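The structure appears right after this line, and notes come after that.
Nothing in this text is a laboratory measurement; each read-out follows from the coordinates by a stated rule. All values derive from a computational prediction rather than experimental measurement. Reconstructed Cβ throughout: ideal geometry from the backbone, glycine too, with neighbour counts over all protein chains shown.
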Amino acid sequence: MSDTLKLDSTSVSSLSEDSERKAVDPEDVNWVIRNRRSTKPRCLNGEKIEDEIVWQILENANWAPTHGLTQPWRFKVFTGEGLHTLANFQADLYKKLTPESSFKADKYKRMKTNVLSASHVIVICMKRQQSEKLPEVEEIEAIACSVQNMALTATAYGVCSFWGSGGVTYTEELKDFLGLEERDRCFGYLYLGYSDTPAKDSSRSPIQSKVEWFG
Ligand SMILES: Cc1cc2nc3c(=O)[nH]c(=O)nc-3n(C[C@H](O)[C@H](O)[C@H](O)COP(=O)(O)O)c2cc1C
């Protein structure tokens, strides 16, 4: 059985209806993109997101562009008891990997608790193409696109998100814990949840300073 998903698949219930639509209001797209904010895990209130919404978020990750259709994104979703497992694992690993002289008790405590205020933590992983024909950077770029799809979908549903890549993100031990193979990668956690506090403002310098226009 093919595991590829077509736009008219029934796996996302409202999709076939939506595919009749020619376009969305560009203002809506602008709104979602410009109102996506990173909400720190400590600002999340522990309220649960319905799993159906999380599946919509994951579904949209799956529609990211992917050179050669390698679809390298793999996601490990932690929620409920799973969050405790992840929290204990990362705190213990921090303790194991940190020399006594640089060990910080408050960081250890943070690692024990920071994921617990999220509703779901999606660990962002990459499955490296078996043949390695594509440059790895293109797989990483596809992953980044998939994460942005998730963050924007979350925003559209009123869900807060935060991509965190600190702590034990790039360790071999985390890869083992997640069941990744040697050439696979982990790029951090996408924390999802709700917050009672307004998101922190964000800013960008003008796009004109980053664009060269020819012709
Ligand atoms: C690949 C990636 C990794 C990130 N890792 C962290 C992180 O470890 N800690 C952190 O505070 N923010 C992290 N961020 C979020 C940025 O800090 C955030 O996007 C930036 O502050 C701008 O805020 P905004 O997203 O609300 O506009 C990461 C963002 C990306 C794209």
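Pairs from the list Lys107/Lys210; Lys175/Lys200; Lys40/Lys107; Lys96/Lys200 with a Cα-Cα gap above 26 Å: Lys107/Lys210; Lys175/Lys200; Lys96/Lys200. By the Cα gyration tensor, the stretch 106-215 has an equivalent ellipsoid whose semi-axes, rounded to whole angstrom, run 26, 25, 13 from largest to smallest. Span-like helix check, the chain: qualifying full DSSP H segments, with Cα axial length of 20 Å or more and mean Kyte-Doolittle of 0.5 or more, are 136-156.
With R₀ fixed at 30 Å, the C-beta to C-beta distance from Glu173 to Glu47 puts the FRET efficiency at about 0.45. Full extension of the chain segment joining Arg34 with Lys210 gains 61.6 nm, where the gain is 0.36 nm per residue of separation less the Cα-Cα distance.
In a DSSP loop and with at most 15 other Cβ atoms within 10 Å, the trypsin sites (Lys or Arg not before Pro) in the stretch 74-173 are Lys104, Lys133. Based on the inverse mean of 1/r over its pairs of different Cα atoms, what is the Kirkwood hydrodynamic radius of the chain, in Å? That comes to 19.1 Å for the chain.
A simple spin-label model places pseudo-atoms 7 Å from Cα toward Cβ; at Glu27 and Phe103 they are separated by 5.8 nm.
The GluC sites (Glu not before Pro) of the stretch 48-155 meeting both criteria, a DSSP state outside H, G, I, E and B (loop) and at most 14 other C-beta atoms within 10 angstrom of the site's C-beta, are Glu50, Glu132.
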